[in-house]
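First up is the structure itself, then whatever we jot down about it.
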Amino acid sequence: MGWYELAKPLLFALDAETAHERGLEAIAHGWVSGRRYNDPALRTLAFGRVLDNPIGLAAGFDKNAVAVDRWAEFGFGFVEIGTVTRHPQPGNPRPRLFRLPQDRAIINRMGFNNDGADAVADRLSRRKSDIPLGINLGKSKITPLEEAPADYAYSFARLRPYADYAVVNVSSPNTPGLRSLQDKDPLRRIVMGLRDLDATCPLFVKVAPDLSESALDDVLAVASEAGLEGIIATNTTLSRDGLTKESQEAGGMSGAPLRPLALSALQHLRRQAPPEMQLIGVGGLMNGEDAHERMNAGANLVQVYTGWVYGGPDFVAELLEDLARLRADR
């Protein structure tokens, strides 16, 4: 049994957000480290970079890039910070992050709490790590929906110099009205505005797992029209299917119960998308088998969050070992 399994009862005795903050502080200061696993067979090309492996840290864990210089030491091939909004905002009232250990799940209603694009850009200007970096962009809560394109454009312009790719997040369930921006016309206005600023930055849209297939097709149409790099499938879900015990907490659910929905959305997108479009699979990846399944379903890369929370600092190395073995066994 590793040290994380011994420490987990103490960490999980804390409020989930407090534990997250303490853990992120420990990572940022170098007080904890993970085991790395390197296998040249896992190297992959994305965003114009050679990645050591296809496993990324999903947005939401390091919202403000406070530990951006540390993630390569935990074995990640790339990292996505954010969600970052134009204006700094506190997010929704606490408590707003809840563990469901019996289901290896998390419910959150954070509400895009972050330091704002200017502060995050200043922090990134001092970073030392060269790990491939994605910037996840959201709409400020105080910004009216009709002004969303300008809000996204401001954050994009401030953060683009530090990004290997950028993500338009219109799929969080925790900002009022945000998911309506997944509709074809508002999404087109947002992504075309970013394209006008910089046509060279690899750009992704992150979609909800709760979208119908026709709605996913609308997102694909906009992505193709705008020449986007790809789609991230998926964000958290409003569904509570798969839980062993009903939860009354509002917010988006991640973790093991999300796996079927996220996988289904990815499979549909891969069937309908042009072969050159990059797909990043995220949602319910709890082990190497899940990562292997997602990549067999058409993901070029995958990301983890909740699996890493439950698995601990060595989770990425364990996942990569499993992935390498499964690929070798094919």
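General observations
- When segment 113-159 is limited to residues that are surrounded by 17 or more Cβ atoms within 10 Å (Cβ to Cβ) and basic (Lys, Arg), the one that is nearest to the chain's Cα centre (by Cα) turns out to be 139.
- Residue match in segment 281-292 (condition: surrounded by fewer than 24 Cβ atoms within 10 Å (Cβ to Cβ), in contact with a Lys or Arg (Cβ under 8 Å, 6 or more places away or on another chain) and among the charged types (D, E, K, R)): yes
Residues checked against (1) out of contact with any strand residue (DSSP E or B) (no Cβ under 8 Å at 6 or more places or on another chain); (2) part of a strand (DSSP E or B):
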| site | (1), (2) |
| --- | --- |
| 56 | no, yes |
| 64 | no, no |
| 68 | no, no |
| 81 | no, yes |
| 87 | yes, no |
| 95 | yes, no |
| 106 | no, yes |
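- Test: residue in segment 245-263 that is modelled with pLDDT of 95 or more, among the hydrophobic types (A, V, I, L, M, F, W, C) and surrounded by fewer than 21 Cβ atoms within 10 Å (Cβ to Cβ): yes
- Residue satisfying all of: in segment 155-189; of a type in the set (D, E, K, R) and assigned to a loop (DSSP other than H, G, I, E, B); nearest to residue 86 (Cα to Cα) among these: 164
- In this entry, residue 108 passes the filter for residues that are of a type outside the set (Phe, Trp, Tyr), closer than 18 Å to residue 83 by Cα and either in contact with a Cys (Cβ under 9 Å, 6 or more places away or on another chain) or crowded, with 23+ Cβ neighbours inside 10 Å (or both).
- Unmet requirement for residue 276, which otherwise passes all of (1) without any contact (Cβ under 8 Å) to a residue 24 or more places away in the chain; (2) charged (D, E, K, R); (3) within 22 Å of residue 100 (Cα to Cα): (3)
- In segment 38-73, the residue that is nearest to the chain's Cα centre (by Cα) out of those that are buried (at least 20 other Cβ atoms within 10 Å of the Cβ) and closer than 24 Å to residue 330 by Cα is 56.
- Hits in segment 16-34 - residues which are surrounded by 16 or more Cβ atoms within 10 Å (Cβ to Cβ) and over 17 Å from residue 64 (Cα atoms): 16, 32, 34
- Among (1) in a loop (DSSP other than H, G, I, E, B); (2) within 21 Å of the chain's Cα centre (by Cα), the one test that residue 31 misses: (2)
- Any hit, segment 300-322, residues being surrounded by fewer than 23 Cβ atoms within 10 Å (Cβ to Cβ), more than 25 Å from residue 7 (Cβ to Cβ) and either of a type in the set (Lys, Arg) or at pLDDT 95 or above (or both): yes
- Hits in segment 85-117 (condition: of a type in the set (Lys, Arg) and within 21 Å of residue 8 (Cβ to Cβ)): 99, 104
- When residue 257 is tested against (1) part of a helix (DSSP H, G or I); (2) closer than 18 Å to residue 170 by Cβ; (3) of a type outside the set (Asp, Glu); (4) in contact with a helix residue (DSSP H, G or I) (Cβ under 8 Å, 6 or more places away or on another chain), only condition (2) is not met.
The values are calculated or read from the model by the stated rules, or taken from the named source; none is laboratory data. Just so you know, these numbers come straight off a predicted model, no measurement behind them. All Cβ positions, glycine included, derive from the backbone under ideal geometry; neighbour counts span all protein chains shown.
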